[in-house]
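Working notes, beginning with the structure itself.
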Amino acid sequence: MLATVATMIGTLSVGWIGQDLSADSLRHPLDPLTAAEYSAVIEVLHEANHVDIDALYPLITLHEPDKATVLDWQQGDPVPRQAFVIIKQGLQTFEAVVDISRRSVVAWREVPGVEPGFLLSHEWFEAQNIALGDQAMKDALTKRGITSLRDVICVPNTVGYYGIPEEEGRRVVKVACYRTSGIRNFWGRPIEGLIALVDYHQGEVVRVIDTGAVPIPETPVEFDAASVGELREPPNPISIVQPKGPSFEVDGHMIRWQKWRFHFLLDPRLGLVVSTVRYGDDGRWRSILYQGSLSELFVPYMDPGAGWYFKTYMDAGEYGVGKLAVELEPHLDCPSNARFFDVTFADDWGVPYPRERAVCLFERY
């Protein structure tokens, strides 16, 4: 069995640790954007005077060629390269298609009445600054015996849609706070009964929802070895060894394994995308699947309380499953015979950044 893993969410990984897939190594029309291409996209949008320095980019990803072009493409043919971009410019949201090879904007349109996905870097910290800068929020914390804001961290949560009038037409999040004094795992110290409804567009707290003080848990919350104390002896290690190397072959983002071949990429929103899956059958390649990916990951907490009912996350659409990927640990997340692969995404300002060991590929019985 050929297995793939990634976190946070599972995905595929290919290549050796530190393998760099630069623009020169593009081998397929569905290969993901490189760091150089991300930078080129932003440059082209600026050159076309579509954006300014305050523009934010909730999503930059490959704009795939049409299916016929992909299926007709042969090794050695030119690789068409375009990017699909969502831009947040002030209160407006735009969608664009940028032709990277020709350095031109081939499509540009405003999408009125919508809000793009959550900006993981920019809006995360902005939410805390807005919430803790509100006097009603400070008073509510003081009522709970918290007088130093250095002992508090606040986390924004998407609000879902419930037809609430005060949330209509706004870009809002509900901000929950945690006490951090003396601990690292602040998730174990929730300040329950207190939520700030934050409007990003106005840069203000719309309303403080205070349902009454709840005692903050004081039980141990740390999980490091020093905090947990003496542990039982671990079992003897198990190692999967392939002295002749893996049975699969890696060529850029193309995988060959026994009679199978397919292409993969880690999309910033969808996570793992597997494409052009084919099976060798008596000298011909049968098409099994053109493309498959995670449609959405819906996480409802199912608690009717004022501080919880709205926590019904759409991980792909609201946050980006690929962007939530974290570095995989050899021998822990993936077995000893795994191959690891780094990926490149763009941050909220369009600047490319690497995510090391985001995916791994291995065989198992």
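The values are calculated or read from the model by the stated rules, or taken from the named source; none is laboratory data. Because the structure is a prediction, the values reported are computed rather than measured. Note: ideal-geometry Cβ built from the backbone for every residue, glycine included; neighbour counts use all protein chains shown. The protein model used for the area step is the full one, side chains on, heavy atoms only, and it has no ligands, DNA or RNA in it. Shrake-Rupley method; radii C 1.70, N 1.55, O 1.52, S 1.80 Å.
Can you find a residue in segment 271-279 that is free of Cβ contacts under 8 Å to residues at least 60 places away in the same chain, more than 30 Å from Pro354 (Cβ to Cβ) and open to solvent by 70 Å² or more (accessible area, probe 1.4 Å)? No, every residue in segment 271-279 fails to be free of Cβ contacts under 8 Å to residues at least 60 places away in the same chain, more than 30 Å from Pro354 (Cβ to Cβ) and open to solvent by 70 Å² or more (accessible area, probe 1.4 Å). Quick one: how many residues across segment 139-191 are in contact with a Lys or Arg (Cβ under 9 Å, 6 or more places away or on another chain) and part of a helix (DSSP H, G or I)? Of the residues in segment 139-191, 4 are in contact with a Lys or Arg (Cβ under 9 Å, 6 or more places away or on another chain) and part of a helix (DSSP H, G or I). For segment 42-75, give me each residue that is among the small types (Gly, Ala, Ser) and farther than 24 Å from Asp31 by Cα. Selection gives Ala48, Ala55. For segment 306-365, filtered to residues that are more than 15 Å from Pro32 (Cβ to Cβ) and among the basic types (Lys, Arg), the residue that is modelled with the lowest pLDDT is Arg364.
Applying the selection to segment 189-220, what residues are hydrophobic (A, V, I, L, M, F, W, C), buried (at least 18 other Cβ atoms within 10 Å of the Cβ) and under 14 Å from Ala306 (Cα atoms)? Before the answer, list the steps.
Here is the first cut: in segment 189-220, the residues hydrophobic (A, V, I, L, M, F, W, C) are 191, 194-198, 205-206, 208-209, 213-214, 216.
Keeping just the survivors that are buried (at least 18 other Cβ atoms within 10 Å of the Cβ) gives 191, 194-198, 205, 208.
The answer is Ile191, Leu194, Ile195, Ala196, Leu197, Val208.
For segment 81-131, a tally of residues being on the phi > 0 side of the Ramachandran plot and either touching a residue at least 60 places away in the same chain (Cβ under 8 Å) or touching a Pro at 6+ places or on another chain (Cβ under 8 Å) (or both) returns 1. Scanning segment 80-105 for residues that are over 15 Å from Ile53 (Cα atoms), surrounded by 21 or more Cβ atoms within 10 Å (Cβ to Cβ) and hydrophobic (A, V, I, L, M, F, W, C) turns up Ala83, Val85, Ala96, Val98, Ile100.
Candidates are the residues of segment 221-236 that are acidic (Asp, Glu) and loosely packed, with under 10 Cβ neighbours inside 10 Å; the one that is nearest to Glu167 (Cα to Cα) is Asp224.
Condition first: in a strand (DSSP E or B), among the aromatic types (Phe, Trp, Tyr) and open to solvent by 40 Å² or more (accessible area, probe 1.4 Å). Can you find one or more residues in segment 107-123 that meet it? Before you say what the answer is, go through the steps one by one.
First, the residues of segment 107-123 that are in a strand (DSSP E or B): 107-110.
Filter once more, keeping what is among the aromatic types (Phe, Trp, Tyr): 108.
If we keep only those that are open to solvent by 40 Å² or more (accessible area, probe 1.4 Å) as well, we get 108.
Yes, there is a match, as at least one residue in segment 107-123 is in a strand (DSSP E or B), among the aromatic types (Phe, Trp, Tyr) and open to solvent by 40 Å² or more (accessible area, probe 1.4 Å).
Filtering segment 277-307 down to residues that are among the charged types (D, E, K, R) and in contact with a Phe, Trp or Tyr (Cβ under 9 Å, 6 or more places away or on another chain), which residue is nearest to His28 (Cα to Cα)? If you could, list the steps in order and put the result at the bottom.
Start the filter on segment 277-307 by keeping residues that are among the charged types (D, E, K, R), which leaves 278, 281-282, 284, 286, 296, 303.
Checking the rest, the ones that are also in contact with a Phe, Trp or Tyr (Cβ under 9 Å, 6 or more places away or on another chain) come to 278, 286, 303.
Details: Arg278: 15, Arg286: 19, Asp303: 46 Å.
Once the filter is applied, the top-ranked residue is Arg278.
Can we say Glu166 is closer than 26 Å to Gly113 by Cα and acidic (Asp, Glu)? Yes; evaluated as a whole, the condition is true for this residue.
Select from segment 270-305 the residues that are at pLDDT below 95 and of a type in the set (Lys, Arg) and list them in ascending order. The answer is Arg284, and nothing else. Scanning segment 322-359 for residues that are part of a loop (DSSP other than H, G, I, E, B), of a type in the set (Asp, Glu) and surrounded by fewer than 17 Cβ atoms within 10 Å (Cβ to Cβ) yields Glu327, Glu329.
What residue, among those in segment 124-137 that are of a type outside the set (A, V, I, L, M, F, W, C) and open to solvent by less than 80 Å² (accessible area, probe 1.4 Å), is nearest to the chain's Cα centre (by Cα)? Full working, then the answer.
If we filter segment 124-137 for residues that are of a type outside the set (A, V, I, L, M, F, W, C), which is where we start, we get 126, 128-129, 133-135.
Narrowing the set further to residues that are open to solvent by less than 80 Å² (accessible area, probe 1.4 Å) leaves 126, 128, 133-134.
Values: Glu126: 19, Gln128: 20, Gly133: 28, Asp134: 30 Å.
Result: Glu126.
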